[in-house]
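Heads up: the structure comes next, in structure tokens.
The values are calculated or read from the model by the stated rules, or taken from the named source; none is laboratory data. Predicted model, so just to flag it, every value in this text is computed and none were measured. When we count neighbours, we look across all protein chains shown, and the Cβ atoms used for this are built from the backbone with ideal geometry, even at glycine. Ligands, DNA and RNA are stripped out before the accessible areas are found, and what is left, the full protein with its side chains, is counted by its heavy atoms. Shrake-Rupley method; radii C 1.70, N 1.55, O 1.52, S 1.80 Å.
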Amino acid sequence: MALLHILKYPHPALRKKAKPILVFENSITQLAANMLETMYQAPGIGLAATQMGIEKQILVIDTSDAKDNPLIICNPKIVSKAGEMIYEEGCLSFPGIYAQVSRAQQISLEYQDVEGNHQTLEVEDLTAICIQHEMDHLIGKLFVDYLSSLKRNRIRKQLEKQQRKQ
Ligand code: NI
């Protein structure tokens, strides 16, 4: 396994749309393992391939307290949503930035696991929020897109300043 480099906003690759995974070969299993290791090490509760500049529809999450319940999700599609929940989100591509975002409180999902088997999942609360956040990454959408352009510009300047210092 290997740690991957997470791109930081406003890196242009964060705006790319990921493509569906058609062949579930060994390299996908390896990518998923590396993504999980990178997410746990960060530490974070979710990571999408787009954040490493990889244009594939794959994301990993683990919203359990014990960090022992990894979920690998390929080619996800939301089939239904319900409710609304406001949560203070962060993102590994936005170190130190948190903002309140409103999303569906429950979602039903169709996806493929790392072996390509079709699966369905019904989740709510933090897990639902996290999956919606990561699915946004796969279409080049970021949590700051839900904020005003004034707030977004302020965040961009803050992160550009951070990156210049590194
Ligand atoms: Ni994120």
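Below is a table of values for the structure above.
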item	result
Mean Cβ neighbour count within 10 Å, used as a protection proxy, ranking 64-70, 99-105 highest first	99-105, 64-70
Set Lys56/Lys165; Lys16/Lys77; Lys8/Lys56; Lys141/Lys165 screened for pairs whose C-alpha atoms are more than 23 Å apart	Lys56/Lys165; Lys141/Lys165
Protection proxy ranking, peptides 24-31, 137-144, average beta carbon neighbours within 10 Å, highest first	137-144, 24-31
Per residue accessible area in Å² of the chain, where ligands, DNA and RNA are left out and the probe is 1.4 Å	54
Sites His118 and Tyr40 - FRET efficiency at Förster radius 45 Å, r taken between beta-carbons, to 0.05	0.95
Computed lengthening from Gln158 to Asp65, 0.36 nm per intervening residue step minus Cα-Cα distance	30.4 nm
Rounded to the nearest 20 debye, dipole of the chain from Cβ charges on Lys, Arg, Asp, Glu	1280
Ranked by how many other beta carbons lie within 10 Å on average, peptides 156-166, 12-22 from highest	12-22, 156-166
Heavy-atom accessible surface of the chain: percent carbon and sulfur, 1.4 Å	49
